[in-house]
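Peer 1: Here it is: the structure, laid out below.
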Amino acid sequence: MKPKPAASIIVALVVALLFWSSAFAGIRMGLEGYGPGELALLRFAVASIALLFYALLVRLRLPRTRDLPALLLMGFLGFTVYHVALNMGEVVVEAGAASFVIATVPIF
């Protein structure tokens, strides 16, 4: 018999699913007051502050100096370019269509 997942895991999954599924509608609403680049910057500023508090709380160690160029490149392409492009796309495409297109990315 399989063990049942803990309630905390199920709650965490439900919360993550709700945030993830509402992201596209939230982006669409955010674009009413901000430009695509500004919205991406705002989202990551808030996330960076939250991560800073978490890193201080758990005493997360800094990355090695030799890893910084790769981290900066991956961060630029994987976060900055992706999110600005997503925000720019949602200026002309509905949130549902954007969600569908992003969901098919792993296929390609």
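Peer 1: Return only the number of the condition from (1) more than 20 Å from the chain's Cα centre (by Cα); (2) under 24 Å from Tyr82 (Cβ atoms) that Trp20 does not satisfy.
Peer 2: Only one criterion in (1) more than 20 Å from the chain's Cα centre (by Cα); (2) under 24 Å from Tyr82 (Cβ atoms) is unmet by Trp20, namely (1).
Peer 1: Scanning region 76-108 for residues that are assigned to a helix (DSSP H, G or I) and of a type in the set (Phe, Trp, Tyr), which turns out least open to solvent (accessible area, probe 1.4 Å)?
Peer 2: Tyr82
Peer 1: Checking the condition closer than 26 Å to Ala25 by Cα, open to solvent by 50 Å² or more (accessible area, probe 1.4 Å) and without any contact (Cβ under 8 Å) to a residue 40 or more places away in the chain, which residue from Leu62, Leu73, Leu51, Leu56 passes?
Peer 2: Working: Leu62 fails: closer than 26 Å to Ala25 by Cα; Leu73 fails: closer than 26 Å to Ala25 by Cα; Leu56 fails: closer than 26 Å to Ala25 by Cα.
Exactly one of Leu62, Leu73, Leu51, Leu56 is closer than 26 Å to Ala25 by Cα, open to solvent by 50 Å² or more (accessible area, probe 1.4 Å) and without any contact (Cβ under 8 Å) to a residue 40 or more places away in the chain, namely Leu51.
Peer 1: Please work out if Phe24 is part of a helix (DSSP H, G or I), open to solvent by less than 80 Å² (accessible area, probe 1.4 Å) and closer than 29 Å to Ala97 by Cα.
Peer 2: Against the criterion (part of a helix (DSSP H, G or I), open to solvent by less than 80 Å² (accessible area, probe 1.4 Å) and closer than 29 Å to Ala97 by Cα), Phe24 qualifies.
Peer 1: Next question, about the same structure. Looking at this structure, is Glu38 in a loop (DSSP other than H, G, I, E, B), open to solvent by 70 Å² or more (accessible area, probe 1.4 Å), without any contact (Cβ under 8 Å) to a residue 60 or more places away in the chain and over 18 Å from Val105 (Cβ atoms)?
Peer 2: No.
Peer 1: Does Gly37 satisfy the condition of being out of contact with any Leu (no Cβ under 7 Å at 6 or more places or on another chain) and of a type outside the set (A, V, I, L, M)? Working first, answer last.
Peer 2: Details: out of contact with any Leu (no Cβ under 7 Å at 6 or more places or on another chain): yes; of a type outside the set (A, V, I, L, M): yes.
Considered against the rule, which asks whether it is out of contact with any Leu (no Cβ under 7 Å at 6 or more places or on another chain) and of a type outside the set (A, V, I, L, M), Gly37 comes out as yes.
The values are calculated or read from the model by the stated rules, or taken from the named source; none is laboratory data. Because the structure is predicted, anything quoted here is derived from the model rather than measured. Note that each Cβ is placed from the backbone with ideal geometry, even for glycine, and that neighbours are counted across all protein chains shown. Just so you know, the surface numbers come from the protein's heavy atoms only, side chains and all, with ligands and any DNA or RNA stripped out. Shrake-Rupley method; radii C 1.70, N 1.55, O 1.52, S 1.80 Å.
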